[in-house]
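Here's the structure we're looking at; comments come further down.
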Amino acid sequence: MLLISCPNCGSRDETEFHYGGQAHVPYPENPNDMNDREWAEFLFYRDNTKGTFAERWLHSTGCRQWFNMLRDTVTYDIQAVYPMGTPRPDVSVPAAAESGTASTAADSTTTGSAAPSTSATSISATSTASSTTAPEGATK
Amino acid sequence: MANTAALEGINGLRDIRRSPASHLTAALETGSVQGTVVLKEGPFQTMAGVRVDPRSEQGSRIAAVAGGLPARCGEVSGTDSVSVLWLAPSEFLVVAPEEAHDSLGGDLIGSLTAALGDAPGQVVDLSANRTTFELSGPRARAVLEKGCALDLHPRSFTPGTALTTEVGNIPVILLKTGDESFRLFPRASFADFLGRWLLDAMREYASPEVP
Amino acid sequence: MSADLLPEHPDFLWRNPEPKSSYDAVIVGGGGHGLATAYFLAKNHGMTNIAVLEKGWLAGGNMARNTTIIRSNYLWDESAAIYEHALKLWEILPEELEYDFLFSQRGVMNLAHTLGDVRESIRRVGANKLNGVDAEWLEPDQVKELCPILNISDNIRYPVMGATYQPRAGIAKHDHVAWAFARKCDELGVDIIQNCEVTGFLKDGDRVVGVKTNRGTINTEKVGLCAAGHSSVLAEMAGFRLPIQSHPLQALVSELHEPVHPTVVMSNHVHVYVSQAHKGELVMGAGVDSYNGYGQRGSFHVIENQMAAAVELFPIFARAHVLRTWGGIVDTTLDASPIVGTTPVENMFVNCGWGTGGFKATPAAGLTFAHTIATGAPHKLNKPFALERFETGALIDEHGAAAVAH
Ligand SMILES: Cc1cc2nc3c(=O)[nH]c(=O)nc-3n(C[C@H](O)[C@H](O)[C@H](O)COP(=O)(O)OP(=O)(O)OC[C@H]3O[C@@H](n4cnc5c(N)ncnc54)[C@H](O)[C@@H]3O)c2cc1C
Ligand SMILES: [Zn+2]
């Protein structure tokens, strides 16, 4: 069971979430100009990374908001949680070692004192501060 | 929006309205262990689903009517008679006693709708969407812990906090109303399941503790 | 049905040769599909100067982890053709490979729990019959007769409203299947090389001419990829993409029990499938974990849900104990059908995308893939399963259609 740190609600069991597959797949800019090969790529081809993978998750039983996550597909370690619309953070340095307890993740299960007050409809693209590291033992 | 509230004659239907777990009333009574853990279905409530950006002007107008909008997960704001539960950064559940409903002489839905005006957002009468269970007693937390993965210890889950989560595998809003009392808001269609699930989880406390 | 019926084994079934510096063909992946491919290359096409390279131990991937359900009652003509061909091969293989791998045609039932299920099931029975696949529709009392421990009461959340039944379907002992193929491959001169991981490819322009491994470089005329969950990783090394997502798929077994479950029962709706292995353990599985994963393990709630489903359908399992759970890495496609054919790299061929249900196809995958590698063109059975279908749109959507995808 993954323990996932929702940027709005704090860390919750995986059962509260839905998986959304690869993140940062833009809708084609000029759909009318695309050939069959390009359509196939857009519709059916997604990265299947072994290692750190940027993916989307939905906190379906909680705040019902989408967010992005960097997760290692081999160890299942969650390396970062960051808002939709922001670029993939650089976590070449192991996240846990670098940030220690200074995680900005809404803590534990409760009042989430540090939860960023991002609006659901307009998450500012500059709010890199809400890119969060996962708490210890985020995966089992 | 909120059409049901405006329907003339809805008061005539009030008497035949049945709550989603009313068929369990007797079972809840027998299953409760006085002084240990007690389960009841709560009275009807007026509930409004509100979607609004809290930092916007319309957000401030709605906050003025509702008695504030909670800023983050867990927070509950409101007045003596109205609670506003945080569901998401721009989604809230306004809960008030049944009499607050416009069809019964109140004006909650209407005044929220008016506060939003034409601005982007949503006020929806959700009074029939969920029922409530009141679970209380020294064992109430232990009962919930059988089916809820959150940390319910009083050190982190304090009275006046509400969280959207799962209890017994179904989605609920869980409000801590007192040191040993909780209110659960399941959707109406899950009321039967959750009622029976809680009864089952309470059963062991009817027997003497095995030392 | 007891342990002492399992066949005796010699100490060695195959040699452990050192890799040669070059082969006529190299198969990457020593699971069921890789071994079957090598066998048919040697037997049907006379290609014996070939090697199977396996990064771990022989058949330690999904071949070691699957729940061994074999059936051919798929909806679409293309699928019915290849899976039914596989089933016919299963029927003759124990003799051909001179190895009793306990292929047991005890039948497979796919339960229907809703009116939608019933309609879909009856449609599939019709489609199966038109394709020469044995299939029947069973009413609940017939279901009960075939599998008395099933709860067919009306008083459960999803009552059993009937089932499709394929009498010739069943299970086989998966590791014995791998060993049977491995021994025959070895006899025919195929080198099976374990602990040999492919780490890259040598190319001359668009043509593959060799593989790099942790045991040195091997030149080869042709490469066949049979790496299941790792197919995308290998494709990336070779410079092309596959429309594959790798997911954990879990299964579990109970302690050993007396024979209580005579057939195989699958339920898409309550979502579990159960059979009883030859030794007596109840074998159960369900769907994939939602997230991509190469970890050969998944999340516990998935196991918990499949056990809850099993107890709902089989109340007598309520007190059975779980002995162990495990996971494999399955290579899923968006249309739940495999990819078997050529690739953008010349002389490189791919067999993948079998996802949660490729064990049953092992012999046909091997036969058609060997044909593709040997001749450079697909066999008529795997032609529809080409990579190009994602461009042409000729998908073979077996998702909901073929009940639980195993
Ligand atoms: C839990 C579970 C239950 C299943 N149940 C069923 C079922 O009931 N019925 C059914 O029909 N199917 C079932 N399947 C699916 C079935 O197991 C697979 O579709 C099938 O085994 C895939 O083919 P394979 O045997 O060749 O795969 P594998 O045995 O996985 O073989 C692939 C091999 O490639 C090797 N490899 C990977 N990368 C490299 C590299 N770089 N170099 C060298 N070697 C490499 C791997 O180590 C592995 O041994 C199930 C799968 C799982 C996980
Ligand atoms: Zn959330």
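The values are calculated or read from the model by the stated rules, or taken from the named source; none is laboratory data. This structure is a prediction, so every number in the text was calculated from the model and none was measured. Cβ placement follows ideal geometry from the backbone for every residue including glycine, while neighbour counts extend to all protein chains displayed. Keep in mind that these areas ignore ligands, DNA and RNA; they rest on the heavy atoms of the full protein, side chains included. Shrake-Rupley method; radii C 1.70, N 1.55, O 1.52, S 1.80 Å.
Restricting the search to segment A:53-84, which residues are open to solvent by 10 Å² or more (accessible area, probe 1.4 Å) and away from chain B (no Cβ under 14 Å)? Within segment A:53-84, A:Arg56, A:Asp72, A:Val74, A:Thr75, A:Asp77, A:Ile78, A:Gln79 qualify. Out of all the residues in segment B:27-37, which are exposed (fewer than 13 other Cβ atoms within 10 Å of the Cβ) and either of a type in the set (S, T, N, Q) or in the same structural domain as B:Asp102 (by TED's automatic domain parsing) (or both)? Within segment B:27-37, B:Thr30, B:Gln34 meet the criteria. For segment C:169-186, the condition holds for no residue, the condition being that it is at pLDDT below 95 and hydrophobic (A, V, I, L, M, F, W, C). When A:Arg71, A:Arg12 are checked against the criterion of being more than 16 Å from ligand 2 (Cβ to nearest atom) and at pLDDT 95 or above, A:Arg71 stands alone in meeting it. Filtering segment C:297-309 for residues that are under 30 Å from C:Lys43 (Cβ atoms) and modelled with pLDDT of 95 or more leaves an empty set. Highlighted here are the helices (runs of 4 or more DSSP H) found entirely within segment C:296-406 that include at least 3 residues which are surrounded by 19 or more Cβ atoms within 10 Å (Cβ to Cβ) and away from ligand 1 (no atom under 12 Å from the Cβ): C:300-313, C:362-375.
Test C:Ala36 against the stated conditions and say whether it is within 13 Å of the chain's Cα centre (by Cα) and assigned to a loop (DSSP other than H, G, I, E, B). When the stated conditions are applied, C:Ala36 does not pass them. Cβ separations smaller than 7 Å between residues 6+ apart or across chains give the following pairs from segment C:115-127 residues that are over 22 Å from C:Tyr83 (Cβ atoms) to residues that are open to solvent by 40 Å² or more (accessible area, probe 1.4 Å): C:Val118/C:Met161.
Here's the yes/no breakdown for (1) open to solvent by less than 30 Å² (accessible area, probe 1.4 Å); (2) at pLDDT below 95; (3) within 23 Å of the chain's Cα centre (by Cα):
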{"position": "B:Ala5", "(1), (2), (3)": "yes, yes, yes"}
{"position": "B:Gly12", "(1), (2), (3)": "no, yes, no"}
{"position": "B:Thr25", "(1), (2), (3)": "no, no, yes"}
{"position": "B:Leu39", "(1), (2), (3)": "yes, no, yes"}
{"position": "B:Gln45", "(1), (2), (3)": "yes, no, yes"}
{"position": "B:Gly49", "(1), (2), (3)": "yes, no, yes"}
{"position": "B:Pro54", "(1), (2), (3)": "no, no, yes"}
{"position": "B:Ala63", "(1), (2), (3)": "yes, no, yes"}
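Residues satisfying the criterion are present in segment A:31-40 (criterion: at pLDDT 95 or above and closer than 21 Å to C:Ser231 by Cβ).
Just the residues that are charged (D, E, K, R) and under 20 Å from C:Thr213 (Cβ atoms), please, taken from segment C:23-73. If the condition is that a residue be charged (D, E, K, R) and under 20 Å from C:Thr213 (Cβ atoms), then C:Asp24, C:Glu54, C:Lys55 are the ones that fit. Within segment B:156-176, the set of residues being assigned to a loop (DSSP other than H, G, I, E, B), facing chain A (nearest Cβ under 9 Å) and either modelled with pLDDT of 95 or more or out of contact with any helix residue (DSSP H, G or I) (no Cβ under 9 Å at 6 or more places or on another chain) (or both) comprises B:Ser156, B:Phe157, B:Thr158, B:Thr161. Of the residues making up segment C:307-316, those that are within 14 Å of chain A (Cβ to nearest Cβ) and in contact with a His (Cβ under 7 Å, 6 or more places away or on another chain) number 0. Among residues that are within 14 Å of another protein chain (Cβ to nearest Cβ) and either within 16 Å of ligand 1 (Cβ to nearest atom) or modelled with pLDDT of 95 or more (or both), B:Pro20 is not included. For segment A:36-49, give me each residue that is at the interface with chain C (Cβ under 9 Å from one of its Cβ atoms), of a type outside the set (Phe, Trp, Tyr) and surrounded by fewer than 19 Cβ atoms within 10 Å (Cβ to Cβ). Scanning segment A:36-49 gives A:Asp36, A:Arg37, A:Glu41, A:Leu43, A:Asp47.
Set side by side, the residues C:Gly224, C:Gly210, C:Gly216 differ, and just one is over 30 Å from A:Met69 (Cβ atoms), of a type in the set (Gly, Ala, Ser) and surrounded by fewer than 17 Cβ atoms within 10 Å (Cβ to Cβ), which is C:Gly216.
Among the residues of segment C:324-335, those that are at pLDDT 95 or above and either within 16 Å of ligand 2 (Cβ to nearest atom) or hydrophobic (A, V, I, L, M, F, W, C) (or both) comprise C:Trp326, C:Ile329, C:Val330. Among helices (runs of 4 or more DSSP H) entirely within segment B:47-151, having at least 2 residues that are in the same structural domain as B:Gly178 (by TED's automatic domain parsing) and touching a residue at least 24 places away in the same chain (Cβ under 8 Å) singles out B:140-145.
If the condition is being surrounded by 20 or more Cβ atoms within 10 Å (Cβ to Cβ) and over 26 Å from C:Tyr158 (Cα atoms), then segment C:279-295 contributes C:Tyr291, C:Asn292, C:Gly293, C:Tyr294.
Right, C:Ala135: modelled with pLDDT of 95 or more and crowded, with 23+ Cβ neighbours inside 10 Å or not? Spelling it out, C:Ala135 is indeed modelled with pLDDT of 95 or more and crowded, with 23+ Cβ neighbours inside 10 Å. Number of residues in segment C:100-132 that are open to solvent by 30 Å² or more (accessible area, probe 1.4 Å) and not charged (D, E, K, R): the value is 10. C:Pro259 satisfies every condition listed in (1) modelled with pLDDT of 95 or more; (2) of a type outside the set (Asp, Glu); (3) farther than 27 Å from C:Pro159 by Cα except (3). Output yes when any residue across segment A:10-28 is crowded, with 20+ Cβ neighbours inside 10 Å, among the basic types (Lys, Arg) and within 14 Å of chain C (Cβ to nearest Cβ), and no when none is. Yes: one or more hits. The criterion of at least 2 residues that are not hydrophobic (A, V, I, L, M, F, W, C) is met, among strands (runs of 3 or more DSSP E) falling completely within segment C:84-188, by C:162-166. Hey, any hits in segment B:95-118 for a residue that's modelled with pLDDT of 95 or more and within 14 Å of another protein chain (Cβ to nearest Cβ)? Taking every residue of segment B:95-118 in turn, none turns out to be modelled with pLDDT of 95 or more and within 14 Å of another protein chain (Cβ to nearest Cβ).
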